[in-house]
Amino acid sequence: ADPFGEQVLRLKADRTQKEAFRQAVQNKKFDIVLDQTCMTAEDASIAIDALRGNIKHYVMTSTLSVYPQKGDLKETDLDTRNYSPKVATNPGEQYSQGKQAAEQKFLLQSDFSISIARIPIIVGPDDYTKRLLKHVEFTKIEKEIFFPNLNAKFSYLSSEDAAAALMWLCETTKNGVYNFQ
């Protein structure tokens, strides 16, 4: 069910294709764009170019995975404005580095108001990944669980709280990077 009906404009385009994205938003003005699928610097660049001059505020969903994989992290451990690419050796690193590069692109090159929401692992009844459930099931049958970093601390956020955090950023249009835990 879609309770918003025609109150929300929905556009379909391949966001990785500059011309398709530009055509989808051309001649349209936006109060808020909530971007759940910006994964790379190129995605960010395409959005910045296509939306320039036609948007009041942009909210990008990022991830806590942008932080280095070590224990006792602080927000000051990462400023993606200073991000420099590294060779990614696995999908997790590719994801993390793609999000870091996207954050950097928005922070340094967009001329519109932007919020970046760093969201941890989301759990809830609508979690299609079943990440937490997998760990619970393995524990119940005493199957080994592999953790590459035993000093890491995991953060989980309910899907309801994640939605509330994104809604808060949309309503307040606060600029900056925000960690939600």
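The values are calculated or read from the model by the stated rules, or taken from the named source; none is laboratory data. Given the structure is predicted, the values throughout are model-derived calculations rather than measurements. Because the Cβ atoms are built from the backbone with ideal geometry, glycine has one as well, and the counts that use them run over all protein chains shown. Ligands, DNA and RNA are stripped out before the accessible areas are found, and what is left, the full protein with its side chains, is counted by its heavy atoms. Shrake-Rupley method; radii C 1.70, N 1.55, O 1.52, S 1.80 Å.
Things to note:
- Most mobile of Ile46, Ile122, Ile141 in a GNM of the chain (Cα contacts under 10 Å): Ile141
- Each residue of segment 56-66 was assigned a 3J(HN,Hα) from its phi angle through the Karplus curve 6.51 cos²θ - 1.76 cosθ + 1.60 (θ = phi - 60°); the sequence is 8, 8, 10, 10, 9, 7, 10, 8, 6, 5, 6 Hz, with glycine and proline shown as x.
- Max mean-square fluctuation residue, GNM over the chain, Cα-Cα springs under 10 Å, options Val136, Val33, Val25: Val136
- Taking the Cα centre of the chain as origin and assigning +1 to Lys and Arg Cβ atoms and -1 to Asp and Glu Cβ atoms, the resulting dipole is close to 280 debye.
- When all alpha carbon pairs of segment 131-171 are counted in 10 Å bins from zero, the resulting P(r) reads 22, 35, 26, 15, 2 %.
- Computed from the C-beta positions of Asp126 and Arg22, the FRET efficiency with R₀ = 30 Å rounds to 0.40.
- Rg over Rh for segment 44-148 works out to 1.06, both radii taken from alpha-carbon positions and Rh defined as the Kirkwood radius.
- Coarse-grained scattering of the chain at q = 0.08, 0.14, 0.18 Å⁻¹, given as base-10 log I(q)/I(0) from a Debye sum over alpha-carbon atoms: -0.29, -0.87, -1.32
- Phe4, Phe147, reordered so the largest accessible area comes first (probe 1.4 Å): Phe4, Phe147
- When only alpha carbons are used to place a centre, segment 144-174 and segment 1-21 end up 25 Å from one another.
- When segment 34-181 is described by a simple charge dipole with +1 on each Lys and Arg Cβ and -1 on each Asp and Glu Cβ, the residue from Asn82, Gln36, Ala162 located farthest towards its positive end is Asn82.
- Heavy atoms of the protein chains alone define the surface here; on that basis segment 63-175 has 66 Å² accessible area per residue at 1.4 Å probe size.
- Set of aspartates and glutamates near Lys140 by C-alpha distance (under 15 Å), chain-local residues within fewer than 8 positions excluded: none
- Compactness of segment 95-134 is given as radius of gyration and Dmax, 14.4, 42 Å, from Cα positions.
- Asp79-Asp161 pseudo-label distance in nm [points 7 Å out on the Cα-to-Cβ vector]: 2.9
- Among beta bridges from DSSP that stay inside the chain, the antiparallel ones total about 0%.
- Between helix 91-109 and the chain: long-axis angle, C-alpha atoms, 0 to 90°, nearest 10: 30
- For segment 25-104, the residue among Asn27, Ala50, Ala102 whose Cα projects farthest onto the positive side of the dipole built from Cβ charges is Asn27.
- Base-10 log of normalised Debye intensity for segment 90-181 (one unit scatterer per alpha-carbon) at q = 0.16 Å⁻¹: -0.86
- Unsatisfied cross-links (Cα-Cα over 27 Å) in the set Lys18/Lys153; Lys105/Lys130; Lys99/Lys134; Lys28/Lys174; Lys56/Lys105; Lys74/Lys105: Lys18/Lys153; Lys105/Lys130
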